[in-house]
Amino acid sequence: MRVVIAEDLFLLREGLSRLLTAHGCEIVAAVDNGPDLLAALLDQRPDVALVDVRLPPSFTDEGLRTALEARRQVPGLPVLVLSQYVEQLYARELLADQSGGVGYLLKDRVFSDETFVGALRRVAAGGTVLDPEVIAKLLGRRARDEPMAALSPREREVLALMAEGRSNSAIAQSLYVSEKAVSKHSTSIFIKLGLVPSDDDNRRVLAVLAYLNA
C-alpha cells in the first residue's frame, strides 16, 4: 500500500512513517505543508493519503482543503484525515463525496496500531471510516426538523457503529442485542432517511453520508 503522509510535526510525521513501514506500507512522500501535499498527491497518485487538517501555510484547514482539491483532480483518491480537530465545513464536503474511500479519525482516540492500519487499509480499499466523536460533532448543529432528528437514540448508536465499518454481528455484540434487532434498527434508519434498496448503492454508507451532509 503506497501512502502519502501530510503532518507538520516532525516527530509525529516520522513516527507515522516508521509505524506504517513496519506494517508493510510504502511511504512515497511525507510532507509538512499544503502545497507540497497537493504536489505529492498529483505526482505520486498513492493508494491512500493520510492528512492532518491544520497544515502550513495557513494552519487552519489547509490539509482538508488540499485533500478536496486533489480529489477534484483525481476523483476517488482515498483520503484518511487524522487530526485533533473536527473542521465541520470541509469535513462534510469530503465525507459527502461518494467517489472513493474517505475517513476521519481523531488522534487522541487511536489506541492501537492494528486498528489504525486497518482503518487506513479500509479507506484505501474504498471504504468509509468515521470516529463516532466526529459524527457527534458534525451533527451538533443540526436543525430539529431534519430527517435525522427522527432517529431514536438506539438508531443513532447503530448508525455510529456502522460508520466504524462494523458488521451487524459486531454491532449486536457491542450493544448487547441480537442481530435481528440490529437488522430492524438498520431498516428503520434507511426508511427514515429515505434510502431505498438499490443494486448500485450501499445503503449503510449512504446512511452515514446523508446523516453528515443533510
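The values are calculated or read from the model by the stated rules, or taken from the named source; none is laboratory data. In this text the structure is predicted, and so the values were computed from the model without any measurement. A quick note on method: Cβ atoms are made from the backbone with ideal geometry, for glycine too, and the neighbour counts reach across all protein chains shown. Ligands, DNA and RNA are excluded from the accessible area calculation, which covers all protein heavy atoms including side chains. Shrake-Rupley method; radii C 1.70, N 1.55, O 1.52, S 1.80 Å.
Condition (residue is under 23 Å from Val208 (Cα atoms) and open to solvent by 20 Å² or more (accessible area, probe 1.4 Å)) applied to segment 49-64: is it met by at least one residue?
yes
Give all pairs with beta carbons closer than 7 Å in which a residue from segment 73-93 that is in contact (Cβ under 8 Å) with a residue 40 or more places away in the chain meets a residue that is assigned to a helix (DSSP H, G or I) and of a type in the set (S, T, N, Q); count only pairs at least 6 apart in sequence or on separate chains.
Arg92/Asn213
Only one of (1) open to solvent by 20 Å² or more (accessible area, probe 1.4 Å); (2) of a type outside the set (Asp, Glu); (3) free of Cβ contacts under 8 Å to residues at least 24 places away in the same chain is not met by Ser17, so which one is it?
(1)
I'm checking my understanding of the structure. Among residues of segment 128-164 that are assigned to a loop (DSSP other than H, G, I, E, B) and under 22 Å from Val177 (Cα atoms), which one is modelled with the lowest pLDDT? Walk me through how you get there before you give the answer.
From segment 128-164, those assigned to a loop (DSSP other than H, G, I, E, B) are 131, 139-146, 151-152, 164; that's our starting set.
Next, only the ones that are under 22 Å from Val177 (Cα atoms) stay: 131, 151-152, 164.
Numbers: Asp131: 86, Leu151: 83, Ser152: 87, Glu164: 73.
Top of the filtered list is Glu164.
Being out of contact with any strand residue (DSSP E or B) (no Cβ under 7 Å at 6 or more places or on another chain), surrounded by 15 or more Cβ atoms within 10 Å (Cβ to Cβ) and not in a helix (DSSP H, G or I) is the filter here, so list the residues in segment 165-181 that pass it.
Arg166, Val177
All but one of (1) in contact with a helix residue (DSSP H, G or I) (Cβ under 8 Å, 6 or more places away or on another chain); (2) open to solvent by 70 Å² or more (accessible area, probe 1.4 Å); (3) touching a residue at least 60 places away in the same chain (Cβ under 8 Å) hold for Asp113; which doesn't?
(2)
Is there any pair linking a residue in segment 46-57 that is under 10 Å from Val81 (Cα atoms) to one that is open to solvent by 30 Å² or more (accessible area, probe 1.4 Å), with Cβ under 7 Å and at least six apart or on different chains, and which?
Asp52/Asp8; Val53/Tyr85; Val53/Glu87
Let me spell it out: the conditions are (1) touching a helix residue (DSSP H, G or I) at 6+ places or on another chain (Cβ under 7 Å); (2) modelled with pLDDT of 75 or more; (3) buried (at least 16 other Cβ atoms within 10 Å of the Cβ); (4) closer than 25 Å to Gln84 by Cβ, and Ser186 meets all of them except one. Which number is the exception?
So the condition that Ser186 fails would be (4).
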